[in-house]
1. Just for region B:39-152, what percent of DSSP beta bridges are antiparallel, to the closest 5?
2. Which number gives the lysine pairs in chain B that have C-alpha atoms under 28 Å apart and are eight or more places apart or on different chains?
3. Taking 8 Å as the Cα distance limit and 6 or more residues as the minimum spacing, I'd like the relative contact order of chain A as a percentage.
4. Using the Cα atoms of the protein assembly as shown to build a convex hull, what is its mean projected area in square nanometres?
5. Let me cross-check residue A:118: its accessible surface, 1.4 Å probe, with only protein heavy atoms counted, in Å² to the nearest 10?
6. Read phi for every residue in region B:20-37 and hand back ³J(HN,Hα) as whole Hz from Karplus 6.51 cos²θ - 1.76 cosθ + 1.60, θ = phi - 60°, with x for Gly and Pro.
7. From the residues B:77, B:116, B:67, which one has its Cα farthest along the dipole of region B:34-152 in the positive direction, the dipole being from +1 and -1 charges on Cβ of Lys/Arg and Asp/Glu about the Cα centre?
8. Quick one: among B:95, B:13, B:79, which has the greatest mean-square fluctuation in a GNM of chain B with alpha-carbon springs under 10 angstrom?
There are 2 protein chains.
Amino acid sequence: MDFELTNYMETALHSAESAAKRGEVPVGAVIVDSKTGRIVATTGNQMVGRHDPTAHAEMLAIRAAANMVGSQRLVDCDLYVTLEPCPMCASAISLARIRRLYFGAYDPKSGGVEFGPRIYDHATCHHKPEVYGGIREERAAALLKEFFAERR
Amino acid sequence: MDFELTNYMETALHSAESAAKRGEVPVGAVIVDSKTGRIVATTGNQMVGRHDPTAHAEMLAIRAAANMVGSQRLVDCDLYVTLEPCPMCASAISLARIRRLYFGAYDPKSGGVEFGPRIYDHATCHHKPEVYGGIREERAAALLKEFFAERR
């Protein structure tokens, strides 16, 4: 597997681990400018800490990156996230015109890309990123499993 | 039609008008605590002003209300918005456990409730609000039409 790619996902996994330490469901995201290879945002879930149901890692990453770039559209950017995005995040990725989406674990219960409403599979979806799932899938899934096992 | 209901939508329409004056697509939203009848958030689109593709009126309203209530879940709250929510916002409304969704104009091109991915019609949608569309529909649609006509 491509070294750079797994490296970015590794950074997202570190963010997921940090999220778990704060009592957040361990999901981490990274946005990369594909032209320079530079990371423009690294975030983890903050729903609990911010009392904000929309504060998923992907949403925070998109907001941070758009703010940094000074544009609503992140046309040259790729997003790496440890879990398949939910429908809200999948739609936000489309609105932000993200070029490629790389995700870790698949999410049959709450995912919105390969499961549920399959956000990119509709004619009314105005931008469909290229999607690559299952990147460092086992590690991403293990983090979530450990987190929920400790809370049972 | 119920007086209170149209009154809340009237407030959302005022927010949509303010958004237009700032150069934003005119959509406004209001969140009401159904137990007290009190408005807990009033917002308009801010995507342009904030350089944020996720800054739709509904998202800002949910974030503001959750922050005020100090909880991710807005179980007793109803959301009024002048346009049918897009898939991102429809999903966020579900995540926030909003009780009822009242919207104005239908949106065949980008809506996510009655059109496109129909967010609430999937088994993996963990909370489905009661939905009432077409509230003050003509006024809401006229605002959007005027806005885009001026920009052509």
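1. Values: 0 of 8 bridges.
So the antiparallel bridges amount to about 0 percent of the total.
2. Working: B:21/B:109; B:21/B:145; B:35/B:128; B:109/B:128; B:109/B:145.
Lysine pairs satisfying the spacing and distance rule in chain B number 5.
3. Computed value for chain A: 20 percent relative contact order.
4. Values: hull surface 61.5 nm².
For the Cα atoms of the protein assembly as shown, the hull's average projected area reads 15.4 nm².
5. 100 Å²
6. 4, 5, 8, x, 9, 3, x, 10, x, 9, 9, 10, 10, 6, 5, 6, 10, x
7. B:67
8. It is B:95.
The values are calculated or read from the model by the stated rules, or taken from the named source; none is laboratory data. Note that this is a predicted model, so its numbers are computed, not measured. When we count neighbours, we look across all protein chains shown, and the Cβ atoms used for this are built from the backbone with ideal geometry, even at glycine. In case anyone asks, the SASA skips ligands and DNA or RNA and just uses the protein heavy atoms, side chains included. Shrake-Rupley method; radii C 1.70, N 1.55, O 1.52, S 1.80 Å.
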